[in-house]
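Worksheet: one structure, shown below.
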Amino acid sequence: MRRARWRCDHTALAAAWMVCSCIRTAGVMMAVPKSEREKGRAVWGGYYIGMCFAAPEKQLCYFYLAPEGWKIFFFLAVVFPTITSILAYYWSQNGWDNHPLARTLAVHALPQSSWRAVASSINTEFRRIDKFATGAPGARVIVTDTWVIKVTTYCLHVAQQQDIHLTVTDSRQHELSPDSNMPVQFLTINVASINPYVKAFDIRLNSTEYGELREKLRAPIRNAANVVIHQSLSDLFLETFTSLVEMNQTYPAPSNQELEPCIGCMQTNANIKLVKSCQEPNEGECQQCYCRPMWCLTCMGKWFASRQDQQHPETWLSSQVPCPTCRAKFCILDVCIIR
């Protein structure tokens, strides 16, 4: 008697769990390939058939005699996979033109092209190493030369850079970061497109990544809420480094010398030369660098910051670092912009 009662309770709990699973996974099943949906249908149907033998007293082999709960389970096990199969079949018509992702991309297609051209463009730019990417896997933000993309668990938001307006709408300060013991600030930026078919969406990122995002975007970011953005220590130093170098003497490049792309970023031409200017040639720790111009000001500033003691930022401006190529020591006063 006790064994029969345990089997009855176990069967009821299993049925309730499977019904909840059907309801919870209905939305997910709509995005699952047809072969996987068929497997899911087989699992649900197989579970019901297995219970026909595991609990013969329920008379599950005779549907009209089965308990009401099992009838509901059987009905859901058949209806949900059927609905998702019909929906997937509808999406697959006309070369998947009816799929929600295809419709999202189609609004950006030119009149003579299709959503596949947009997908190809995004795919090409996404493979480049210079893209900006941030966010958790459930809310990933990618910015390429042409596109601003936000990928969530169930949605895809796409906007063209030339059509968007960006506005900082909110800021939240947290005392501890998951990656460090330092306070962290997260910004919420609204992305609105002038294209009426593109819905506005929000992106969230760490304030230390704000400078990198701004460099990748073509459009300016408006600060409508007057949010105080806390930049990273490296970003603050890079701004100070740039302003101090601009005050140094310039280096007149020979007319026959052709400037090559910066070997650090390969994005801009080399525009600085290390010339000992802080002291006389034989005085101090700084040394004369005989390398040809190979670095841009931004990359040299990042190199200078990377060689500093991160625990003592007050010493950064007065320190010396080795040349990244010949290892000759130099200070900020020795960095000259080429004119």
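The values are calculated or read from the model by the stated rules, or taken from the named source; none is laboratory data. What you see is a predicted model; the values in this text were computed from it and never measured. Positions of Cβ are backbone-derived with ideal geometry, glycine not excepted, and every protein chain shown enters the neighbour counts. Heads up: the accessible areas ignore ligands, DNA and RNA and are worked out on the full protein's heavy atoms, side chains in. Shrake-Rupley method; radii C 1.70, N 1.55, O 1.52, S 1.80 Å.
Things worth noting here:
- The stretch 128-265 - accessible surface per residue (Å², probe 1.4 Å): 60
- Once the Cβ-Cβ distance of HIS165 and MET247 is raised to the sixth power relative to R0 = 56 Å, the FRET efficiency obtained is 0.95.
- Violating pairs (Cα-Cα greater than 29 angstrom) within the set LYS216/LYS273; LYS131/LYS276; LYS199/LYS302: LYS131/LYS276; LYS199/LYS302
- Computed label-point distance, nm, for sites ARG204 and VAL228 using a 7 Å Cα→Cβ extension: 2.2
- ALA270 long-range amide H proximity, modeled H, under 5 Å: GLU260, CYS262
- Nitroxide proxy distance, nm - points 7 Å out along Cα→Cβ at ILE337 and VAL79: 7.1
- Ordered by 1.4 Å accessible area with all protein chains kept, ARG218, ARG339, ARG103 run largest first as ARG339, ARG218, ARG103.
- The loop-placed GluC sites (Glu not before Pro) in the stretch 249-327, going by DSSP, that have at most 11 neighbouring Cβ atoms within 10 Å of their Cβ come out as GLU258, GLU283, GLU285.
- Rounded to 0.05, the FRET efficiency of the ALA139 and THR268 pair, given R0 = 45 Å and the Cβ-Cβ distance, is 0.90.
- TRP147 long-range amide H proximity, modeled H, under 5 Å: GLN161
- Loop-located GluC sites (Glu not before Pro) in the stretch 142-241 (DSSP state not H, G, I, E or B) with no more than 15 neighbouring Cβ atoms inside 10 Å: GLU175.
- Accessible carbon and sulfur surface of the stretch 233-337 relative to its total accessible area, %, 1.4 Å: 50
- Zone of LEU101's modelled label, taken as backbone nitrogen in the stretch 150-175 under 14 Å from a point 7 Å along Cα→Cβ: 150-158
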